[in-house]
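Novice: One structure coming up, written as structure tokens, with questions to follow.
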Amino acid sequence: MKRISGPTRWSAAALLVLAGVTGCSGDDDASEALTDRDGADVVKTVAADMAKVNAMHVSGVSEEAGTTVTFDLSTDRVGHCVGEMSIGAGSSQFVTDGKQFFIKGNDAFWSSTTEDAGTAKKVLKFIGGNWALVEGAEFAEFCDLASMLEGIGEQPEDAELKVSDDVTVHRGDKVVKVVSTRKDGDVTTTLVTSKAPHRIVRSARTGSTTSTLELSDFDVPVRAVLPAEGDYVDLAKLTK
């Protein structure tokens, strides 16, 4: 039987959405300190603060080459991750405690993880609508909080950064707008909380890829409830 290889493609596609954060990226005195500084300094400060985040919720949507990717998840540094994701017609729920990774997907999702129609039929029959225990390494990067945050602060050499002079409000927080414009026309607009520790709360990208991210629930513990025995199948038994 051919190897089920779809999860790697799915996690890679979702990480393209997360890459939108890389574009940005107290009190009133704190906000003034941000608006009075140039973009590079603001990005450096925000990256340092975000690097200390231990958990967060992130949701996003991206459109590229006619394909829409959406996801909504909560993750932390100890390996807990729970959420849902869709690419085109395929959708899935997932949960992990850092040791075991479970997925429950629709037929389109599981069909996209296989290399031929025959394998897809066997996979769908084996899973039967249950949760599936899968190799965690296939999705580890997608749920790895450190991987999500490590790119923040890195800017393309052709990126021009501009910090807005005004302070606005987003979901009740005072925020400063940072705009990164590249020579190819890609523009990423990121909202950063003006009060320290600074947090990225929204990032929107337009150009070759259109994407929007919302970040929230910083340092809120993630509760990952795994499927009980009898509610899942071990996918490794099918691929041996």
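The values are calculated or read from the model by the stated rules, or taken from the named source; none is laboratory data. Everything numeric in this text was worked out from a predicted model, so none of it was measured. For neighbour counting, all protein chains shown are included, and Cβ atoms are generated from backbone atoms with ideal geometry for every residue, glycine included.
Novice: Can you name the condition, by its number, that residue 128 falls short on among (1) within 20 Å of the chain's Cα centre (by Cα); (2) within 19 Å of residue 227 (Cβ to Cβ)?
Specialist: Going through the list (1) within 20 Å of the chain's Cα centre (by Cα); (2) within 19 Å of residue 227 (Cβ to Cβ), residue 128 breaks only (1).
Novice: Name, by its number, the condition in (1) loosely packed, with under 15 Cβ neighbours inside 10 Å; (2) at pLDDT 85 or above; (3) in a strand (DSSP E or B) that does not hold for residue 129.
Specialist: Looking at each condition in turn, residue 129 falls short on (3).
Novice: Does residue 137 count as farther than 22 Å from residue 42 by Cα and loosely packed, with under 13 Cβ neighbours inside 10 Å?
Specialist: Working: farther than 22 Å from residue 42 by Cα: yes; loosely packed, with under 13 Cβ neighbours inside 10 Å: yes.
So residue 137 passes the test.
Novice: Can you find a residue that is touching a helix residue (DSSP H, G or I) at 6+ places or on another chain (Cβ under 8 Å), modelled with pLDDT of 90 or more and in a helix (DSSP H, G or I) anywhere in region 72-93?
Specialist: no
Matching residues to (1) among the charged types (D, E, K, R); (2) within 26 Å of residue 105 (Cα to Cα); (3) surrounded by 17 or more Cβ atoms within 10 Å (Cβ to Cβ):
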| residue | (1), (2), (3) |
| --- | --- |
| 166 | yes, no, no |
| 176 | no, no, yes |
| 182 | yes, no, yes |
| 187 | no, no, no |
| 190 | no, no, yes |
| 199 | yes, no, yes |
| 212 | no, yes, yes |
| 218 | no, no, yes |
| 231 | yes, yes, no |
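Novice: Another question, if that's okay. Give region 109-119 a look and list any residue that's within 21 Å of residue 67 (Cα to Cα) and buried (at least 16 other Cβ atoms within 10 Å of the Cβ), or say none.
Specialist: Listed by number, the residues that qualify are 109, 110, 111, 112, 113, 114.
Novice: I would also like to ask the following. Taking region 169-215, which residues are assigned to a strand (DSSP E or B), among the basic types (Lys, Arg) and modelled with pLDDT under 90?
Specialist: Going residue by residue through region 169-215, those that are assigned to a strand (DSSP E or B) are 169-170, 173-181, 187-193, 200-206, 210-215.
Subset that is among the basic types (Lys, Arg): 174, 177, 202, 205.
Scanning region 169-215 gives a single hit, 205.
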